[in-house]
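The values are calculated or read from the model by the stated rules, or taken from the named source; none is laboratory data. What you see is a predicted model, and the numbers here were worked out from it, not measured in a lab. Here the Cβ positions follow ideal geometry from the backbone for every residue, glycine too, while neighbour counts run over all protein chains shown. The protein model used for the area step is the full one, side chains on, heavy atoms only, and it has no ligands, DNA or RNA in it. Shrake-Rupley method; radii C 1.70, N 1.55, O 1.52, S 1.80 Å.
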Amino acid sequence: KEGLKFKIIFVGDGKNNEEYKKMIKNYKLEKHIIFLGKKENPYPYFKVADCILLSSDYEGYPVVFTEAMVLNKPIITTNVSGSDNIKGKYGFVIEKNTEQLYEKMKEFILNGYEIKKQFNPEEYNKEIKEKLAKGKVNNNFSFLRTPIFPVSKKITLPYGSFTKKKKKKALSGI
């Protein structure tokens with residue numbers, strides 16, 4: 001309706017995928033929203049994304065946060081465990097409703113989001129090691145944040161990434 005140019009790519013599967021696919025067809029959004037299913041290597045999709053979207057109702061500490069931060073990609077996430085580290089630093093934190101999701105996606109499409117301080121994996125791991133050594137657990141997390149270790153090639157993630165139309169060429173082969 002508003003003439004926004006975007007593409008959403010969902011990597012992974014969820015219990016409501018078929019219902020969502022029908023909704024997309026009913027609203028004639030097939031050119032804008034793509035479901036890829038599980039992928040052994042989601043990182044090519046991170047590479048072409050302008051922003052990473054996590055719209056979960058519940059999560060432990062989402063690994064997708066760390067992956068997006070390492071790759072310097074802004075994040076739009078629902079208010080799940082660990083999202084307090086995202087707000088104002090690496091992206092937007094929203095309540096779990098479609099209106100806020102739409103508004104933040106629109107804001108990102110129109111204005112982007114600048115990450116002011118690039119993520120430093122060494123500092124991140126050092127902070128975790130110090131907390132473990134002191135026996136302190138941050139009350140904002142269900143678990144301690146995920147340390148950054150080499151990632152298995154078999155990883156699949158339940159997230160969506162969306163790109164501005166300028167990435168159309170990069171996505172045309174998907």
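By a 1.4 Å probe calculation restricted to protein chains, residue 57 has an accessible surface near 90 Å², given to the nearest 10.
For segment 2-19, no residue has its backbone nitrogen under 15 Å from a point 7 Å from the Cα of residue 100, taken along Cα to Cβ. With all protein chains in place and ligands, DNA and RNA left out, the 1.4 Å accessible area ranks 55, 81 as 55, 81, largest first. For the set 39/106; 15/38; 38/96, the pairs lying more than 18 angstrom apart at their alpha carbons are 39/106; 38/96. Viscosity 1.306 mPa s, temperature 10 °C: Stokes-Einstein D of segment 3-67 from its Kirkwood Cα radius, in µm² per second? The Stokes-Einstein estimate is 119 µm²/s. Ordered from largest to smallest accessible area (heavy atoms of protein chains, 1.4 Å probe), the residues 77, 98 come out as 98, 77. A Förster radius of 30 Å, combined with the Cβ-Cβ distance separating residue 58 from residue 27, puts the computed FRET efficiency at roughly 0.65. Sorted largest first by accessible area at a 1.4 angstrom probe radius, with every protein chain in place, the residues 53, 4 fall in the order 4, 53. Please give me, ordered by residue number, the trypsin sites (Lys or Arg not before Pro) of segment 33-76 that lie in loop per DSSP and have at most 16 other Cβ atoms within 10 Å. Those satisfying the criteria are 38, 39.
Under the classification rounded if a/c is under 1.5, otherwise prolate if a/b is larger than b/c and oblate if not, where does segment 60-108 fall, given a ≥ b ≥ c as square roots of the Cα gyration tensor eigenvalues?
Since a/c reaches 1.5 but b/c is at least a/b, the shape of segment 60-108 is classed as oblate.
Given a 1.4 Å probe and the protein chains as shown, residue 43 ends up with an accessible area of around 60 Å². Among the GluC sites (Glu not before Pro) within segment 90-129, those in coil by DSSP and having at most 12 neighbouring Cβ atoms inside 10 Å are 95, 114.
Taking 0.36 nm per residue of separation and subtracting the current Cα-Cα distance, fully stretching the chain between residue 5 and residue 38 would add 9.3 nm. Restricting the GluC sites (Glu not before Pro) of segment 7-68 to loop positions (DSSP other than H, G, I, E, B) with no more than 11 neighbouring Cβ atoms within 10 Å leaves 30, 40.
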